[in-house]
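Here is the structure we will look at.
Values in this text are rule-based calculations from the coordinates and carry no lab data. Everything numeric here is computed off the predicted structure, so don't read it as measured data. When we count neighbours, we look across all protein chains shown, and the Cβ atoms used for this are built from the backbone with ideal geometry, even at glycine.
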2 protein chains.
Amino acid sequence: MNSTQVTTVNAPIASSPIPGVYLIGAGPGAADLITVRGARILAVADIIFYDALIDMSMLEWCTSTNMVPVGKRCGAHSSSQRFINKQLVDAASKNLVVVRLKGGDPLIFGRAQEEIDALEQAGVHYEVVPGITTALAASAQLKQPPTTRELSRTLTLTTLPGRCSHEDHKTSIYYMARDQLTEVANTLMAQGYPSNTPVCLMESVSLPSERGFACTLDELSLGDVHHHFLDRQPVVVMIGEVYRKQLQLLSPLIRSESNFAALQAVS
Amino acid sequence: MNSTQVTTVNAPIASSPIPGVYLIGAGPGAADLITVRGARILAVADIIFYDALIDMSMLEWCTSTNMVPVGKRCGAHSSSQRFINKQLVDAASKNLVVVRLKGGDPLIFGRAQEEIDALEQAGVHYEVVPGITTALAASAQLKQPPTTRELSRTLTLTTLPGRCSHEDHKTSIYYMARDQLTEVANTLMAQGYPSNTPVCLMESVSLPSERGFACTLDELSLGDVHHHFLDRQPVVVMIGEVYRKQLQLLSPLIRSESNFAALQAVS
């Protein structure tokens, strides 16, 4: 065995963050799926503005007591984007280490552009710390690569139910589409995806409350399935031939309805 | 300001990993862009099989002295996949905590399927710990979301230069395509992408040696550009209207050739 002796056993050295705004991806939910860089900055931040989607266990990384909930969550009250931008710029102007903690990766469907524009305009020092986006965390939980050499070498991430996926009918993962899944299914079948294409639906990825369901594309088209899911929980929808095995491994979506009322009641 | 007092300041508690194989994403290169979960498992692993693409600073997380380089890197010698599979299964059968450390995310173009199949077949306990895939790390470095509400709500990740991207001509990010960029450019223009579509090329993302270049799609098609890049360094190629600003911010690819010989000499 071709082993290498290693003498250094210390963790790589961290440099203290300089004052400014850090747009940090919290990852999918589990507190230890944030990056080391993100966790280290959280630990020394002076003030943290966090999304409603952030799992509260994530905030245990923080030593600051100045934690400000902001952001949007399916239908719930949210701070306006302009007010969030102003708060970030104001805090940075006080020479503080300011964290803007966003679910998943800050730049994947995270509406970061407006905050970035505001920070650029104000001339504030800012950095982006990437996070594990939900599609990849869901793949890890399923232990299923979204691309394989045989079946798909293309992965599309989208929020648009009414548009096509890749023309070769490869793997597609939909964010924020839980209320439009009939449209997703009908669009894909109209574009030539086989009606028995496997679909995985993953709710609350990486949290103890995670649930996964599977169905085929024609089953997905049968009716509104958003009522299978708990209120205010994010759902990621993964579609492609690579998920054939998950049809056996996950709960069938079509038979899950009977369990739903009980779950919804305790949530 | 709607602040919340937090009394808990401890980092979330880690549970010890049980014996088995952990497929861990190392992230793009910088040691602190691994997840906390990944770093914690590395710190207690009995044996670590790591890819040639892993930056050596990452291995400072490990306390084990049993580190085995495996895996593939552009043209260099590599262990055969079957041999890697056998090593993973053999190590797990000794009741060890075994890490398979892969660059980026283990499931995004990481050829994990064969290892997963081998572990499944051997009945070995295994888990997948996601990592920051290079496309997202490159986006963070550029501070540029690959999707914005105005310009693109779809992101395609692919390794296939000869195939189309999304039919709406949205953002595409290519992995492992550095030797086929003329084909990438010509294919996209044939599919209707405007010839002045911006292209960003990011080498060694997140490492001190990171370099970024920009050009337009017609410039990319002008000739083989792989000789602009250092040998054996991964390059990610990001194409889409969202990168218009980067045409001003990054070095123009087309004028970078004169600096290249010197860089290649010192690498």
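Sort A:176-183, B:23-30 by packing, meaning the average of other beta carbons within 10 Å per residue, with the highest value first.
Ranking, from highest mean packing down: B:23-30, A:176-183.
Can you give me the Cα centroid spacing of region B:198-236 and region B:89-107 in angstrom?
Value for the Cα centre distance between the two parts: 32 Å.
Can you tell me the order of A:83-95, B:237-249 when each peptide is scored by its average per-residue count of other Cβ atoms within 10 angstrom, highest first? Present the calculation step by step, with values, prior to reporting the outcome.
Working: A:83-95: 17.2, B:237-249: 19.5.
Ranked by mean Cβ neighbours within 10 Å, highest first: B:237-249, A:83-95.
Please sort by residue number the GluC sites (Glu not before Pro) in region B:90-162 whose DSSP state is loop and whose Cβ has at most 15 other Cβ atoms within 10 Å.
When the GluC sites (Glu not before Pro) of region B:90-162 are filtered for loop state and at most 15 Cβ neighbours within 10 Å, B:Glu150 remain.
Can you tell me the Rg and the Dmax, both Å, for the Cα atoms in region A:20-129?
Every Cα atom of region A:20-129 included, Rg and Dmax give 12.5, 34 Å.
Starting from the Cα of A:Ile18, step 7 Å toward the Cβ, then list every residue of region A:101-130 with an amide N under 18 Å from that point.
A:119-129
Peptide A:34-46: average number of partner chain Cβ atoms within 10 Å per residue?
What the average comes to for A:34-46 is 4.
May I ask you to report, in nm to one decimal and beginning with the shortest, the distances from B:Met189 to the same position in the other copies, taking label points 7 Å along Cα-to-Cβ?
Spacings between copies for this position, smallest first, are 4.1 nm.
Shielding by partners for A:138-146, please: the mean number of other protein chain Cβ atoms within 10 Å of each residue's Cβ. Spell out each step's value before the answer.
Working: counts 1, 7, 12, 3, 2, 11, 5, 11, 5.
Mean shielding count: 6.
Counting only other chains, what is the mean number of Cβ atoms within 10 angstrom of the Cβ of each residue in peptide A:19-30? Write down the numbers at each step before the final one.
Details: counts 0, 0, 0, 0, 2, 1, 3, 0, 5, 1, 0, 4.
If you average over the peptide's residues, the count of other-chain Cβ atoms is 1.
What's the extension gain from B:Glu127 to B:Arg149 if we count 0.36 nm per residue and subtract their Cα-Cα distance?
Roughly 4.4 nm would be gained on extension.
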